[in-house]
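The values are calculated or read from the model by the stated rules, or taken from the named source; none is laboratory data. All of these numbers come straight from a predicted model, not from anything done at the bench. Positions of Cβ are backbone-derived with ideal geometry, glycine not excepted, and every protein chain shown enters the neighbour counts.
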């Protein structure tokens, strides 16, 4: 019994030395999926709003950055500002889904602009 | 699904109405032969309202964040069935427990 307990404590200390980040991959996938969903939906909504407002060229892209910044703050608030219990690093919350969101933003921006201002 | 989803649908409807109002405003401008400088005030209000409602929906509808720490409370229960394949119940200890039950009954 004594040998077993000493063995266990030794194992624990070696784990601390290695300091491997152990995390639940399924839950991480779930969290990233939630981030992608939020960003895609909000970039579509942002695109429609930019189109209705009649933004052109650089103004629209600045508007996209603004919307994504607000989204990042919202997601961070949703995570309770404790990034490391839900994500590997804090920039996952800021950057994931940014470029794919830009594509759908441009698509719906031009779509709404055409409907409202051109036709 | 639920309240957040309904709020999101409502936000999208508000945006659609804002688009329709802008189209009407533009046709009015065409009649008055003026240039489009910016959206009217009520459209701007509708757009802000639609953005806020959709933002709320986008943050609530996809679900809750789950903790990735193996030490956290919810992961202890979830990680137990992952080991179920390695659990063997068909061994001779089964017989032993039955006999123990008989002994306890008597």
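Things worth noting here:
- Single residue of the range A:52-70 satisfying the filter (in a loop (DSSP other than H, G, I, E, B) and exposed (fewer than 13 other Cβ atoms within 10 Å of the Cβ)) that is nearest to the other protein chains (Cβ to nearest Cβ): A:56
- Hits in the range B:44-66 - residues which are over 22 Å from residue B:3 (Cβ atoms) and surrounded by 20 or more Cβ atoms within 10 Å (Cβ to Cβ): B:47
- All of A:73, A:49 fail the test of being over 30 Å from residue B:35 (Cα atoms) and either assigned to a helix (DSSP H, G or I) or at the interface with chain B (Cβ under 8 Å from one of its Cβ atoms) (or both), apart from A:73.
- 3 or more residues more than 8 Å from chain A (Cβ to nearest Cβ) and modelled with pLDDT of 90 or more: qualifying helices (runs of 4 or more DSSP H) within chain B: B:3-32, B:41-60
- Looking across the range A:86-105, the residues that are in a helix (DSSP H, G or I) and crowded, with 16+ Cβ neighbours inside 10 Å come down to A:92, A:93, A:94, A:101, A:102, A:104, A:105.
- Entry remark, the range A:85-109: residues being within 13 Å of another protein chain (Cβ to nearest Cβ), within 15 Å of the chain's Cα centre (by Cα) and over 17 Å from residue A:34 (Cβ atoms) number 0 in total.
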